[in-house]
Amino acid sequence: MKKFAKNIPNILSGYRLLAFPVLLWLIFSGDRPHFVILISISLGTDFLDGLIARAFKLQTEFGAKLDSYADLGTFIAVLTAFTVFERAFVASKQWAFLGILILWIAPMAVSLWRFHRIPNLHLYSSKAAGYFFGFFIFTYFIWGNADWYFYLMGGVLAVSFLEELIILSKIPALRSNAKGIYWMLKEKGRIE
């Protein structure tokens, strides 16, 4: 039982990874109601896997990588859903979507170029951005858009992606659970 408990965060991340192709199938088959249910479950498990791993000190390098791949799939599914289900909304906010997309791709491109794999830094800003993003997705597909929250969420995502980009361009080796720029500078003794 103890071994199973240690694997709960990985099981939740694994579920999200397995849900990715199903989400894409629901999107391209035009099944918005079932997509909303499944993406809501995926967003909930994303919140739970990290919470459980941190609360019970079950964080592992494998779990961080698995979570990062699951996050990537979830983000791709959401962007795809918006382009298929919400074309008018995307067109009305095309510059914001383009900016978010560029800032999302930039850290991954730097990580692939420098370290030959996607990043799994798990910064505090990334966690905060994930909560804002998940809440936006859930509320958007249930109740519709609130412009002020869309731009707030976009700003939080932008800050998170920029912090990740700065860290990935400066660190000598890729690692997980880096926390953020402040903590990395503190480790180097630049902040007391």
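Highest mean first, what order results for 142-148, 91-97, 120-126, 38-44 on Cβ atoms within 10 Å?
Highest mean packing first, the order is 120-126, 38-44, 91-97, 142-148.
Largest first, please: the extent of the C-alpha atoms of region 1-85 along each principal axis, to the nearest Å.
Rounded to whole Å, the extents work out to 41, 21, 17 Å.
If the label point is 7 Å along Cα→Cβ of K188, which residues in region 95-110 have backbone nitrogen under 19 Å from it?
Under cut-off, by backbone N: 107, 110.
Quick one: net charge of A81's neighbours, Cβ under 14 Å, K/R +1, D/E -1?
Numbers: positive: R32, R87; negative: D31, E86.
Summing Lys/Arg as +1 and Asp/Glu as -1 gives 0.
Extending each Cα 7 Å along its Cβ direction at A109 and R32, get the distance between those two points in nm, one decimal.
Going by the 7 Å Cα→Cβ label model, 3.3 nm.
Run the simple label-point estimate for I102 and A128 please: 7 Å along Cα→C-beta, distance reported in nm.
For I102 paired with A128, the spin-label model returns 2.4 nm.
Which value, in debye to the nearest 20, describes the size of the charge dipole of region 48-192 about its Cα centre when Lys and Arg Cβ atoms bear +1, Asp and Glu Cβ atoms bear -1, and nothing else is charged?
420 debye
If I take all pairs of Cα atoms in the chain, what percentage of them are more than 26 Å from each other?
Of the Cα pairs, 34 percent sit more than 26 Å apart.
Just want to confirm a number: the relative contact order over the chain, from Cα pairs under 8 angstrom separated by 6+ residues, in percent.
22 percent
Per-residue counts of other Cβ atoms within 10 Å, averaged by peptide: what ranking do you get for 99-109, 157-167, highest first?
157-167, 99-109
The numbers here are math on the coordinates, done by the rules we state, and not lab data. It should be emphasised that the depicted structure is a prediction, and the values quoted were computed from it without experimental measurement. Heads up, the Cβs are rebuilt from the backbone with ideal geometry, glycines too, and the neighbour counts pull from every protein chain shown.
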